[in-house]
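First up is the structure itself, then whatever we jot down about it.
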Amino acid sequence: MGAPFIPKEAPFSGDQRAWLAGFLAGVRSQAALTKPASQQKAATPVDILFATQTGNAESVANDVAALATANGLAPRVNELNAIEMDQFAQMKNVFIAVSTYGEGEMPDNADIFWESLSATTAPRLEGMKFTILALGDTSYDQFCQAGKLLDMRLEQLGATRLSARVDCDVDYEDEAETWMTDAVPLIQVEEGDTAVPTAPIKIAEKTGWNRKNPYPSNVAENRLLSGPKSAKEIRHFAFDLGDSGMEYAAGDALGVMPTNNSELVQAFLDRLDAKADTKISSHDTPLGELLTHKLEIRTPPRNLLAEIEKRAGHDELSHVLNNGDKEALENFLWGHDTLDLLNLNPELKFEAEEFVSWLKPLQHRAYSISSSPKAHNGEVHLTVAAVRWTTDGRDYGGVASTFLSDICDEGSKTPIFMSPNKSFRIPTDNDAPMIMVGPGTGIAPFRAFLEERREIGAGGKNWLFFGDQHRESDFIYEDEIGEMSRNGVLNRLDLAFSRDQAEKIYVQNRMRDNGKALFAWLEDGGYFYVCGDATRMAKDVDAALTEIVAQEGGFNDDQTAEYIAQLKRDKRYLRDVY
């Protein structure tokens, strides 16, 4: 599956949270024993809300809650879609951690809340103090747009900022820590409360395996899944967890820390007329090491684009940048990378020191885990499509997917860490039906879901919509899926191989073909899951679901929208899209 650009690691590890919660609970219990009952007052409440597509903002919210507790406050953590407007209007101290999804959109678990908040019927909020941490990626046009929209709307409704909004790029941990440690002590204790915030407790330094300290896992398997006639290269990876102590659940993601392609690194060194051991004053690491392990060299950042435009004298680049034509810029950059930009003017010279200052840190890539820990003890699996293309006679490759495919041979070491995604889980009710739509590598989490349900003996029915280009070469995990169908784990299977007939057929077409049964499963308490491409597939699937609900339910537009909104509120319509 493709890799979101937003990192998912939690600033606090699970062990740290458990220790801190236990320690604080003991302190509070002891304090309560020393007070007369008449003096035992409730602590000042703090509402900590989050909206996340990948689990990042939820991790930050949990860290704020731990810090609030340590400061004598009473935190209440919820996702935004779980909050009704009348409930929101009663809140006095509000922390919001929100990521931006897609092109400036709200995450899935904030869309209903945002619709209500932006409506003309939204309540006034003069009694509220709030602060917002916005998570995003400066590679995208609408950087932190979800946080900016919430910040502006709360101000319009009369709420007062407890502290200024903080917008974070992909390396967000330090800024998030500063945001929460600065803002938590600003909360005023409500009249009648005896709990008084203490001096802010600094967040403990991270321990365990995470993005900055990944586990060097032994690659147990690197196996080609796609057939010889396939236009794609899809591989199955198994990583040995060894003595790492890392745990995961079906629905989580695995972070992979890649290394840049050595040939590409050398091409940059040649273009800069520099050596691998060239010293860079702003770093303790030589240039070759920086370009290999520390910096993002494939995708051009915006500040580099601007600098190249100033110096290159390239009319087309200047035109698309200066006219703000997003589509034209995307077309100009399509299939090209940072090295291509440097070569727009071969005569232009670049100092290594300056060039390095333009680059962003090399980020991990997060992939949906395709295994259940109950079925594969001590291992974690991924299903990855290697991204490769050729433009103007030059070969290119995705940073992490080709790192995995070409470098991570069986027996080699690969840096990994777990990225929990609590918003994407199998039903807690083992008898509830599951409907899963996952074409291509989007099948990854559903392989894990089916294995999980098989291992726990869940009785709920399972229905999978899967597809790709050709059945002969692109039906990955066909043997496993066939076995699950035969043994009753997979009750229904609908396939859509788009290029096996004159008319292209996709998973959304199969959904419409089976609309009556699909709606019946939803009416029976079914959960609807989608995994894969957000730009086209997920939108097409959502449109098909909307049509099916309207037609089979006999609903008008408002009733249909409310039906789907209720599925989301009940966490029965869940997406893992990128």
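The values are calculated or read from the model by the stated rules, or taken from the named source; none is laboratory data. Quantities reported herein were computed from a predicted structural model and do not represent experimental measurements. Positions of Cβ are generated from backbone atoms using ideal geometry, with glycine treated the same way; all protein chains shown enter the neighbour counts. Ligands, DNA and RNA are stripped out before the accessible areas are found, and what is left, the full protein with its side chains, is counted by its heavy atoms. Shrake-Rupley method; radii C 1.70, N 1.55, O 1.52, S 1.80 Å.
Considering only the stretch 299-342, how many residues are in contact (Cβ under 8 Å) with a residue 60 or more places away in the chain and open to solvent by 30 Å² or more (accessible area, probe 1.4 Å)?
3
Would the stretch 345-355 turn up any residue that is closer than 30 Å to A458 by Cβ, buried (at least 18 other Cβ atoms within 10 Å of the Cβ) and not small (G, A, S)? Let's see the steps before the verdict.
To start, the set of residues in the stretch 345-355 that are closer than 30 Å to A458 by Cβ comprises none.
The answer is no; no qualifying residue exists.
Assigned to a helix (DSSP H, G or I), open to solvent by less than 30 Å² (accessible area, probe 1.4 Å) and either basic (K, R) or over 26 Å from T52 (Cα atoms) (or both), is that true of L518?
Numbers: assigned to a helix (DSSP H, G or I): yes; open to solvent by less than 30 Å² (accessible area, probe 1.4 Å): yes; either basic (K, R) or over 26 Å from T52 (Cα atoms) (or both): yes.
So L518 passes the test.
Conditions (1) open to solvent by 10 Å² or more (accessible area, probe 1.4 Å); (2) on the phi < 0 side of the Ramachandran plot, marked per residue:
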residue: G147; (1), (2): no, yes
residue: M152; (1), (2): yes, yes
residue: G158; (1), (2): yes, no
residue: D171; (1), (2): yes, yes
residue: T181; (1), (2): yes, yes
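In the stretch 357-378, which residues are outside any loop (DSSP other than H, G, I, E, B) and buried (at least 17 other Cβ atoms within 10 Å of the Cβ)?
Of everything in the stretch 357-378, those that are outside any loop (DSSP other than H, G, I, E, B) and buried (at least 17 other Cβ atoms within 10 Å of the Cβ) turn out to be W358, R365, A366, Y367, S368, I369.
Just the residues that are in contact with a strand residue (DSSP E or B) (Cβ under 9 Å, 6 or more places away or on another chain), touching a residue at least 24 places away in the same chain (Cβ under 8 Å) and in a helix (DSSP H, G or I), please, taken from the stretch 533-543.
Matches in the stretch 533-543: M537, A538, V541.
Would you please list the contacts, defined by Cβ atoms under 6 Å and residues six or more apart or on different chains, that run from a residue in the stretch 500-519 that is in contact (Cβ under 8 Å) with a residue 12 or more places away in the chain to a residue that is open to solvent by 20 Å² or more (accessible area, probe 1.4 Å) and hydrophobic (A, V, I, L, M, F, W, C)?
As it stands, the answer is none, since no pair meets every condition given.
Is it true that some residue in the stretch 273-286 is open to solvent by 50 Å² or more (accessible area, probe 1.4 Å), touching a residue at least 60 places away in the same chain (Cβ under 8 Å), over 21 Å from R365 (Cβ atoms) and in contact with a Lys or Arg (Cβ under 8 Å, 6 or more places away or on another chain)? Show your work before the answer.
Step one: list which residues in the stretch 273-286 are open to solvent by 50 Å² or more (accessible area, probe 1.4 Å), which gives 273, 275-277, 279, 281-284.
Subset that is touching a residue at least 60 places away in the same chain (Cβ under 8 Å): 273, 281-283.
Of the ones still in play, those that are also over 21 Å from R365 (Cβ atoms) are 273, 281-283.
Still in the running and in contact with a Lys or Arg (Cβ under 8 Å, 6 or more places away or on another chain): 273, 283.
Yes: one or more hits.
Please go through the stretch 554-569 and pick out each residue that is outside any helix (DSSP H, G or I) and either open to solvent by less than 70 Å² (accessible area, probe 1.4 Å) or touching a residue at least 24 places away in the same chain (Cβ under 8 Å) (or both).
Answer for the stretch 554-569, where residues must be outside any helix (DSSP H, G or I) and either open to solvent by less than 70 Å² (accessible area, probe 1.4 Å) or touching a residue at least 24 places away in the same chain (Cβ under 8 Å) (or both): G554, F555.
Can you pull out the residues in the stretch 378-427 that are of a type in the set (S, T, N, Q), modelled with pLDDT of 95 or more and under 29 Å from G526 (Cα atoms)?
T383
Check whether at least one residue in the stretch 344-356 is part of a helix (DSSP H, G or I), under 19 Å from A267 (Cα atoms), among the β-branched types (V, I, T) and in contact (Cβ under 8 Å) with a residue 60 or more places away in the chain, and report yes or no.
Checking the stretch 344-356: at least one residue is part of a helix (DSSP H, G or I), under 19 Å from A267 (Cα atoms), among the β-branched types (V, I, T) and in contact (Cβ under 8 Å) with a residue 60 or more places away in the chain.
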